[in-house]
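Below is one structure, written out as structure tokens; comments come after it.
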Amino acid sequence: MLVLVTGSSGHLGEALVRVLREQGHEVLGLDVLESSFTTIVGSIADRAFVRRCLKDVEAILHTATLHKPHVATHTKQQFVETNVTGTLNLLEEAVASGVGRFVFTSTTSAFGRALTPPPGAPAAWITEDVAPVPRNIYGVTKIAAENLCELVHNEHGLPCLILRTSRFFPESDDREDVRTVYDDGNLKANEFLYRRVDLEDATAAHLLALERAPELRFGKYIISATTPFTREDLGDLRTDAPGVVDRLIPGYEAEYRRRGWRMFPSIERVYVNAKARSDLGWNPRYDFAHALARLGAGEDPRSELSRSVGSKGYHGAPTPGS
């Protein structure tokens with residue numbers, strides 16, 4: 001199968017190209033930046049360029065995007081051109097070229113203000129049924145792109161699955177107040193409880209979505225590590241997250257104490273991946289318990305794929321036409 005991967009110089013795009021090549025697929029990597037995993041350099045905002053790229057393509061994995069950190073370095077118009085116009089170009093040209101399946105990488109950040117309950121309320125239980133309330137241009141454009149996916153599916157029947165991925169990047173948190181309080185490893189380990197996914201698991205979810213798209217036709221899925229929490233924990237998570245984690249995973253405190261780490265005092269939202277596990281047959285391996293076991297053995301909790309792709313950074317100057 002000839003697969004087009006957009007954003008092939010990014011974290012997820014590179015990971016997908018690596019794995020697809022290993023599986024014997026013919027892969028075209030598309031990005032505005034050159035890399036060993038990019039075969040076509042150009043912008044998805046250029047409709048004629050997109051049309052040329054889709055010759056004989058059978059499937060599209062669309063990961064190219066401007067991300068949340070780009071809010072500080074790029075204009076709203078650049079977000080619209082890449083995240084909205086670029087996605088529409090790919091969708092409509094996919095229909096015109098007879099592409100058989102389309103997987104769009106969205107983000108849990110699109111839930112926006114729905115992720116922060118009011119003071120005194122329990123933590124939010126975030127499933128696909130929660131209505132997004134975008135808080136910035138990133139969220140607005142990702143939701144618009146999701147809506148375009150649904151529109152093109154409804155009008156033309158293009159099998160299209162949307163994966164709302166949680167954090168998988170290795171870069172430091174973009175919030176200075178958090179970076180100054182928590183060691184980076186501590187922060188990421190904590191996040192596996194409710195808002196992080198390893199790159200290998202995110203890649204596996206996308207490949208399963210590619211496989212299942214013709215059967216499922218359309219769907220939106222949260223892609224995040226399996227949480228140990230249940231709805232019954234939501235009240236206590238907001239007021240005493242360490243107590244909840246200690247009750248569910250008693251061994252964590254000793255390892256954290258040995259490292260001088262701390263659990264967050266409060267957790268305000270929990271991403272739920274049950275629909276992705278059920279519909280896609282996805283079985284994520286990397287969760288908080290796995291990370292804790294690897295840390296206890298003196299090993300890196302990240303997957304080999306995550307380590308191989310490494311850090312890329314997002315905070316540079318804007319790329320024209322990106």
*asked:* Considering only region 191-207, I want to know if a residue exists there that is of a type in the set (Ser, Thr, Tyr), within 30 Å of Glu93 (Cβ to Cβ), touching a helix residue (DSSP H, G or I) at 6+ places or on another chain (Cβ under 9 Å) and in contact (Cβ under 8 Å) with a residue 12 or more places away in the chain.
replied: yes
Residues in region 289-299 that are within 30 Å of Arg212 (Cα to Cα) and in contact with a helix residue (DSSP H, G or I) (Cβ under 7 Å, 6 or more places away or on another chain) total 1
- Query: Does Asp201 count as within 15 Å of Leu163 (Cα to Cα) and not aromatic (Phe, Trp, Tyr)?
  - Reply: yes
Residues in region 119-139 that are within 20 Å of His70 (Cβ to Cβ) and either under 16 Å from the mean Cα position of the chain (by Cα) or part of a loop (DSSP other than H, G, I, E, B) (or both) total 6
Q. When you look at Ala291, is it in a helix (DSSP H, G or I) and under 28 Å from Ala121 (Cβ atoms), yes or no?
A. no
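Being in a helix (DSSP H, G or I) and in contact with a Leu (Cβ under 7 Å, 6 or more places away or on another chain) is the filter here; which residues of region 208-220 pass it?
Leu208, Ala209, Leu210, Arg212, Ala213, Leu216
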Of the residues in region 152-188, those that are within 21 Å of Ala291 (Cβ to Cβ), touching a strand residue (DSSP E or B) at 6+ places or on another chain (Cβ under 9 Å) and part of a helix (DSSP H, G or I) come to Lys188
Pairing a residue in region 23-35 that is more than 13 Å from Lys312 (Cβ to Cβ) with any residue that is of a type in the set (Ser, Thr, Tyr) and at pLDDT below 95, where Cβ atoms lie under 6 Å and the two sit 6 or more apart in sequence or on different chains, gives Val32/Thr319; Val32/Ser322
Within region 79-97, of all residues that are more than 22 Å from the chain's Cα centre (by Cα) and not acidic (Asp, Glu), the one nearest to His67 (Cα to Cα) is Ala94
All conditions in (1) over 21 Å from Ala213 (Cβ atoms); (2) touching a helix residue (DSSP H, G or I) at 6+ places or on another chain (Cβ under 8 Å) are true of Thr65 except (1)
All-but-one check, Val178 against (1) surrounded by fewer than 24 Cβ atoms within 10 Å (Cβ to Cβ); (2) β-branched (Val, Ile, Thr); (3) touching a residue at least 40 places away in the same chain (Cβ under 8 Å), failing number (3)
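Can you go through Thr108, Thr141 and tell me which one is in contact with a strand residue (DSSP E or B) (Cβ under 9 Å, 6 or more places away or on another chain), among the hydroxyl-bearing types (Ser, Thr, Tyr) and within 30 Å of Val3 (Cα to Cα)?
It is Thr108.
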**Request:** State whether the residues of region 143-151 include one that is part of a strand (DSSP E or B) and more than 15 Å from Tyr271 (Cβ to Cβ).
**Result:** no
Restricting attention to region 123-135, the residues that are of a type outside the set (Val, Ile, Thr), in contact (Cβ under 8 Å) with a residue 60 or more places away in the chain and surrounded by fewer than 17 Cβ atoms within 10 Å (Cβ to Cβ) number exactly 1
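The values are calculated or read from the model by the stated rules, or taken from the named source; none is laboratory data. These figures come from a predicted structure and were not determined experimentally. Positions of Cβ are generated from backbone atoms using ideal geometry, with glycine treated the same way; all protein chains shown enter the neighbour counts.
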